[in-house]
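Report on the following structure.
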Amino acid sequence: VNTEGGNLTQIADLAIGGAMNVSDAHPRHRPSAGQRQIIDGLPALFEEARTRPADEVEERAHQAFFTALGQRGALSGRRILNAYASSVAMDVVARWLASRTNALALIHPTFDNIPDLLRAWSLNLVPVEEDELVHGELSVLEHVGALFVTTPNNPTGVVVNERRLAEIAEACRRHDSVLVLDTSFRGFDRRAQYDSYVVLDASGVEYIVIEDTGKLWPMLELKLGFMVASAHVHRELADALSDIALNVSPFVLSVVGRLADDAASGGFDELHRLIEGNRQALKQALHGSAARLLDHDTRVSVARVGFPADTYANDVERALRTHGLHVFPGDRFHWARPWEGDHWVRVALTRDAEVVTAAGRMLAQHVAGPRRSSHVGRVPEREDLSQAV
Ligand SMILES: Cc1ncc(COP(=O)(O)O)c(C=O)c1O
């Protein structure tokens, strides 16, 4: 919020309706054939959600979603809490954390609304670098009451693997620290789909996991966030949540359940192909320019595009915006040391291929002739995009 030019959500707001929006990670590609069928069946789903017992609808949706992501361990003991979106879940979690501690270690870099929401509850944040999370001693745990990890991380795609999660959980347990995971990007990377709840429950750590449906399916912001916690935390979180919502819509739960079934029977494979194809298309479009992809072993639905040291992400973002192309500048993700993100922008890949290719070409042209913004390529018209299937 305190960054000149606005936070990432404010930048994303400028992009809504923009000719070429590759800023936010909310999916905006064409629905697949399987998703089309679900959309066509919405009236029947509405009737079903209206007439069936609510807890049945809820249980079915949870079964479908957590099974599709390999997280069946979350299904035992009826401990999944529903929120309208993962940011709402995050706010509830932050509020609970503030009752428990005043200092929290947070992965660095990460999506800026995570530090913003935590700080809004007066939590002091200590940055933990990804390398430290993946290999380090985690000595930071001596000074904080909780550790917050986004895995896979947004924007880098770095994943905490099963063995490392067990080590982190054990370290948190020893230090009496709560472990919080944001797994919003789990659906993109099978390496993040081992059953985290088996690992967490075996360790005896106090934990909360925020799961998210909102990054996976192009459903015009129809989404949910879920919170799953260890037993004691669950009771207190449920109290905190009850101040905000009675429950989410059973209709939305039903739709999420159907989307998850579709994902499990081939939809995720199709999504992964779209993302990989778009990452390659972006790489190809940048080829020969001074811009390049920064992350090579990532599978998440965003890509970091890096520039030479004389090219600043905020200049690129502003210049391209005047040409109708919207991206996210890197500094916002580096919430503790913004200058570390001065030379890259993030491009969302849950878009149709032609949008990503056109965005890559514009970026390449811009960086090939920095600050000569008149050389930036033409923004495709909406009709061009819809015809280019
Ligand atoms: C890791 C992560 N968590 C949570 C959110 C918030 O999601 P939403 O805007 O759907 O609430 C985002 C948004 O991009 C995110 O990247």
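The values are calculated or read from the model by the stated rules, or taken from the named source; none is laboratory data. Note that this is a predicted model, so its numbers are computed, not measured. Cβ atoms come from the backbone with ideal geometry, glycine included; neighbour counts cover every protein chain shown.
Of everything in segment 193-204, what is surrounded by fewer than 24 Cβ atoms within 10 Å (Cβ to Cβ) and closer than 26 Å to LEU123 by Cβ? Give them in sequence order.
In the first step, residues of segment 193-204 are kept if they are surrounded by fewer than 24 Cβ atoms within 10 Å (Cβ to Cβ); the result is 193-195, 197-199, 201-204.
Once the filter is applied, which keeps residues that are surrounded by fewer than 24 Cβ atoms within 10 Å (Cβ to Cβ) and closer than 26 Å to LEU123 by Cβ, segment 193-204 yields TYR197, VAL199, ASP201, SER203, GLY204.
The set of residues in segment 65-92 that are surrounded by fewer than 21 Cβ atoms within 10 Å (Cβ to Cβ), more than 16 Å from the ligand (Cβ to nearest atom) and small (Gly, Ala, Ser) comprises GLY70, GLY73, SER76, GLY77.
Close contacts from segment 162-188, counting a first residue that is farther than 16 Å from VAL199 by Cβ and a second that is small (Gly, Ala, Ser) and within 16 Å of the ligand (Cβ to nearest atom), with Cβ to Cβ under 6 Å and a gap of 6+ residues or different chains, come to SER184/SER86; PHE188/SER301. Reported count of residues in segment 239-288, each being of a type outside the set (A, V, I, L, M, F, W, C), out of contact with any helix residue (DSSP H, G or I) (no Cβ under 6 Å at 6 or more places or on another chain) and under 13 Å from GLN35 (Cα atoms), is 3. Please find, among ALA240, ALA245, the residue that is within 16 Å of the ligand (Cβ to nearest atom) and at pLDDT below 95. Answer to the check: ALA245.
Check segment 22-31 and report whether any residue there is of a type in the set (Asp, Glu) and away from the ligand (no atom under 16 Å from the Cβ). Scanning segment 22-31 turns up no residue that is of a type in the set (Asp, Glu) and away from the ligand (no atom under 16 Å from the Cβ). Looking only at residues of segment 184-211 that are farther than 17 Å from LEU81 by Cα and in a loop (DSSP other than H, G, I, E, B), we find that the one that is farthest from the ligand (Cβ to nearest atom) is GLY204.
Listed by position, the helices (runs of 4 or more DSSP H) contained in segment 74-183 that have at least 1 residues being within 24 Å of GLY6 (Cα to Cα) and not charged (D, E, K, R) are 86-100, 113-120. Here ASP55 meets the list (1) touching a residue at least 12 places away in the same chain (Cβ under 8 Å); (2) over 19 Å from SER184 (Cβ atoms); (3) out of contact with any helix residue (DSSP H, G or I) (no Cβ under 8 Å at 6 or more places or on another chain); (4) in a helix (DSSP H, G or I) almost entirely, failing just condition (1). Here LEU138, LEU75, LEU81 are screened, and the one residue that is modelled with pLDDT of 95 or more, in contact with a His (Cβ under 9 Å, 6 or more places away or on another chain) and farther than 20 Å from VAL178 by Cβ is LEU75. Residue count for segment 93-108, restricted to those that are within 15 Å of the ligand (Cβ to nearest atom) and out of contact with any Pro (no Cβ under 7 Å at 6 or more places or on another chain): 3.
For segment 128-143, indicate whether the set of residues that are touching a residue at least 12 places away in the same chain (Cβ under 8 Å), within 15 Å of the ligand (Cβ to nearest atom) and within 22 Å of GLU221 (Cα to Cα) is non-empty. Checking segment 128-143: not a single residue is touching a residue at least 12 places away in the same chain (Cβ under 8 Å), within 15 Å of the ligand (Cβ to nearest atom) and within 22 Å of GLU221 (Cα to Cα).
Taking the residues in segment 267-293 that are under 14 Å from VAL347 (Cβ atoms), without any contact (Cβ under 8 Å) to a residue 60 or more places away in the chain and not basic (Lys, Arg) as candidates, determine which candidate is surrounded by the fewest Cβ atoms within 10 Å (Cβ to Cβ). Filtering segment 267-293 for residues that are under 14 Å from VAL347 (Cβ atoms), without any contact (Cβ under 8 Å) to a residue 60 or more places away in the chain and not basic (Lys, Arg), the one surrounded by the fewest Cβ atoms within 10 Å (Cβ to Cβ) comes out as GLN280.
Could you tell me whether ASP195 is free of Cβ contacts under 8 Å to residues at least 60 places away in the same chain and more than 24 Å from PHE328 (Cα to Cα)?
Numbers: free of Cβ contacts under 8 Å to residues at least 60 places away in the same chain: no; more than 24 Å from PHE328 (Cα to Cα): yes.
Considered against the rule, which asks whether it is free of Cβ contacts under 8 Å to residues at least 60 places away in the same chain and more than 24 Å from PHE328 (Cα to Cα), ASP195 comes out as no.
Residues in segment 220-236 that are touching a helix residue (DSSP H, G or I) at 6+ places or on another chain (Cβ under 8 Å) and either farther than 21 Å from GLN63 by Cβ or within 16 Å of the ligand (Cβ to nearest atom) (or both): LEU222, LYS223, LEU224, GLY225, PHE226, MET227, VAL228, VAL233, GLU236.
Scanning segment 206-222 for residues that are surrounded by fewer than 24 Cβ atoms within 10 Å (Cβ to Cβ) and under 30 Å from ASP13 (Cβ atoms) yields ASP212, GLY214, LYS215, PRO218, MET219, LEU220, GLU221, LEU222.
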